[in-house]
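Trainee: Here you go, one structure.
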Amino acid sequence: MSNNVIIGTAGHVDHGKTSLISALTEIDTDRLREEKERGITIELGFAYLDLPDGKRAGIIDVPGHERFVSNMLAGAGGIDIALLVVAADEGVMPQTLEHLGILHLLGIKQGLIALTKIDLVDQEWLELAEEDLREQIAGTFLENADIFHVSSRSGQGVAELRQALIAAVTSADEKKLSVPFRLPIDRVFTLSGIGTVVTGTLIEGKLATGDDVELYPQEEKVRVRSVQVHDETVPEAQAGQRVAVNLSGTKKDEVERGNILAASGSLYPSYILDVDLRALRHSRFQIENGMRVHLYHASRELLGRVVLLDRDLLEKGESTFAQLRLEEQTYIKYGDHFVIRFYSPVETIGGGIVLDPMANKRKRYSQMDDFDIMRSEDATERLNLLLKNSALRFTPLNELYYRAGILSADGQRHLETLVQRSEALQLNEQTALHISAMEVLAQKCSDILHDFHQRLPLERGVKRESLRTQLLPRAQLQVSDRVIDELVNLEYIEDRGGLIALRSHSAALSPEEEELIAELSSRYQTEGFSPTATDDLIAEYDKKYKLDQILSRMLSDGILIRLTEQILMHHEYVEKAYEQVRKDVDERGSVALADFRDEIETTRKYAIAILEYFDRMKFTQLSGDVRVLLRK
């Protein structure tokens, strides 16, 4: 667990955010010459607040000017405590409300308010400004927040605000560290003799010097050369800290803001997101189905379209479940917050929470119940739903865990709960099926076997290999075998010595059929190594379909062996032929076709059919003009 905390400013341009941070920390966060000249913050600025226990809380100074809200969003994603700054001489302004809405959409729950520039107004004006501010924050997460009257110029109220921030830091929610680390990159630069450096807020996990990590979306493996927190080199950084990382294995022009540095293999790409979407109440624009928007997530901005699934228009202040279909591939996780802005003019209109980061395209006005499950805190039920919806696609379990917001290390525990409840079947380490999919497979299997029994009623069952390819043609052998075994366990079907049949199927022979099999068996034994061709035999008996079934039964019972489509041979003679092959190999080291033909007293056609059958069975192998023995 970690109590590293990031404090983030928010507020209208020129309301004194940077001056206030300087008064609180004695650090000037305006580092660009243009920022100094214009007196406004353009890029993100960073500082820190010293705590009584010797630790430091990071502070992000975000731009307030409307043109720089995208930069504000890049920093807001890692904020734990918001410091809303409102100038007493101007009061609440458009960017004040937009920033407040953004903080709410990003799920920030804790904050303080600084009413700045109090040295510029009298007491009556100050009271009016505070009264208006209270009205504007009603119904937001800052509704009951303390308001501090401060002047960065004179220092009035700064000490009280500093103590309140320290108290807020100590009571902030702790972060879990037992997750793969994730660092959205908001700055990239190079230093002479050092190389590529990226900065950002570590929002999850731990990052240490020497770690082998991955850059997304490039999916490029890089190495952490060193880590800094608050301008000091450290062996390890933790979630909630502002971090500068020196990377080896990549160049500055290969990395940009919006990229993510994360544990290798910990993120999955997506174009479609299922989301819980809320429209800002102070926006000038409503959210319409199909509208094109700017999506802001962590430090990245990209384009996409909103698909409202249950309506055509989302009114201001309302929320609904929706899909975001993106124009670029992104890497996002379950539970992440995002913000959307109107396409043009660019203005914040809403945002929300990701409920499925790898969603499938949905039809409108359908499947809305799924969202309630994905919005719930029951991770097992979220996994159950995704497993059910994946049907027979055999989605890897790690991908399902990712979509459900479950750590891979915890996934097995949730899956075992479903298995114990007979709601899922685990096929192997990375594959499971929902019980509803097993019911579908049971019906498909029943249809296959019913058709087989109709065509060949005398057969005791279909070979497992044949059933496997019909039932699950694209599945791994291990998976399809496991499914067939489970269908046997569930008593949908029977395994009759490697032949699979419906439990209701009886392959009992009539006395006449038994007599015909005995007659044919005797005939094949008499004909030995030169049996009658199958078509000639069927024509001779003039009972084509019946004889087909009888011969098929004799093959499945092992009485006959099929060498070619037209050559069936009694198993005793195939065994004798093999003994002759072994004898030839023992005596001469190999078997030649002509010698073999003469030894079993048959024609070249039958000798070739026998030897090629042995080749297919991997008993022998052709080597030049002769065959050698592969195995006994």
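Each value in this text was obtained by applying a stated rule to the coordinates, not by laboratory testing. Computed from a prediction, not measured in an experiment: that's the story for all the values here. Cβ atoms come from the backbone with ideal geometry, glycine included; neighbour counts cover every protein chain shown.
Trainee: Would you mind calculating the gained length between Ala592 and Ser422 on full extension (0.36 nm times residue separation, minus the Cα-Cα distance), in nm to one decimal?
Mentor: That works out to 55.3 nm of additional length.
Trainee: With a point put 7 Å past each Cα toward its Cβ, work out how far Leu392 is from Arg325 in nm, to one decimal.
Mentor: Each label point is offset 7 Å from its Cα along the Cβ direction, giving 2.7 nm.
Trainee: Separate question: Considering only DSSP beta bridges whose two residues both sit in segment 182-263, what percent are antiparallel, to the nearest 5?
Mentor: 95 percent
Trainee: Let me ask something else. Within a 10 angstrom radius of the beta carbon, how do Ser510, Ser19 rank from fewest other beta carbons to most?
Mentor: Ser510, Ser19
Trainee: May I ask which residue of Val85, Phe529, Ile517 lies farthest towards the positive end of the charge dipole of the chain, with charges of +1 (Lys, Arg) and -1 (Asp, Glu) on Cβ and the Cα centre as origin?
Mentor: It is Phe529, whose Cα lies furthest towards the positive end.
Trainee: Amide H of Leu427 versus every other amide H placed in the peptide plane: which residues, excluding those fewer than 5 positions away on the same chain, fall under 5 Å?
Mentor: Result for Leu427 returns Ala432, Leu433.
Trainee: Hey, got the dipole for the chain? About the Cα centre, +1 on K and R Cβ, -1 on D and E Cβ, debye to the nearest 20?
Mentor: With only Lys, Arg, Asp and Glu charged at Cβ, the dipole is about 1020 debye.
Trainee: Ok, one more. Please tell me which of these pairs span more than 31 angstrom C-alpha to C-alpha: Lys463/Lys583; Lys206/Lys388; Lys55/Lys109; Lys333/Lys388?
Mentor: Lys463/Lys583; Lys206/Lys388
Trainee: Hey, of (1) 119, 68, 55; (2) 121, 56, 42; (3) 101, 48, 47, which did the structure itself give for Cα extents along the principal axes in Å when calculated?
Mentor: So the calculated entry is the one marked (2).
Trainee: Net charge near Ser510, counting Lys/Arg +1 and Asp/Glu -1 over other residues with Cβ under 13 Å of its Cβ?
Mentor: Around Ser510, the surrounding residues sum to -2.
Trainee: Mind listing the phi-derived Karplus ³J(HN,Hα) values for segment 436-451, rounded to whole Hz, using 6.51, -1.76 and 1.60 with θ = phi - 60°, and x for any glycine or proline?
Mentor: Going residue by residue, I get 5, 5, 5, 5, 5, 5, 4, 5, 5, 4, 4, 5, 4, 5, 4, 5 Hz, with x marking Gly and Pro.
Trainee: Order of Lys17, Lys463, Lys363, Lys55 from fewest to most other C-beta atoms within 10 Å?
Mentor: In order of increasing Cβ crowding within 10 Å: Lys363, Lys463, Lys55, Lys17.
Trainee: Given the options His282, Val488, Ala145, identify the residue whose Cα lies farthest towards the positive end of the charge dipole of the chain (+1 on Cβ of Lys, Arg; -1 on Cβ of Asp, Glu).
Mentor: The Cα lying farthest towards the positive end belongs to Val488.
Trainee: In addition: What is the fewest-to-most order of Val440, Val307 by other Cβ atoms lying within 10 Å of their Cβ?
Mentor: The fewest-first ordering by Cβ neighbours comes to Val440, Val307.
Trainee: Could you tell me how many degrees, from 0 to 90 and to the nearest 10, lie between the Cα long axis of helix 158-170 and the main elongation axis, the longest principal axis, of the Cα atoms of the chain?
Mentor: The helix 158-170 is inclined about 20 degrees to the chain.
Trainee: Just to check I understand the Karplus step: with θ = phi - 60° and J = 6.51 cos²θ - 1.76 cosθ + 1.60, what whole-Hz values come out for segment 457-469, glycine and proline as x?
Mentor: Result, rounded to whole Hz: x, 7, 6, 6, x, 8, 5, 4, 4, 5, 5, 4, 5.
Trainee: Could you tell me whether segment 182-263 comes out rounded, prolate or oblate from its Cα gyration tensor? Rule is a ≥ b ≥ c as square roots of the eigenvalues, rounded for a/c under 1.5, then prolate if a/b exceeds b/c, otherwise oblate.
Mentor: Here segment 182-263 falls in the rounded category.
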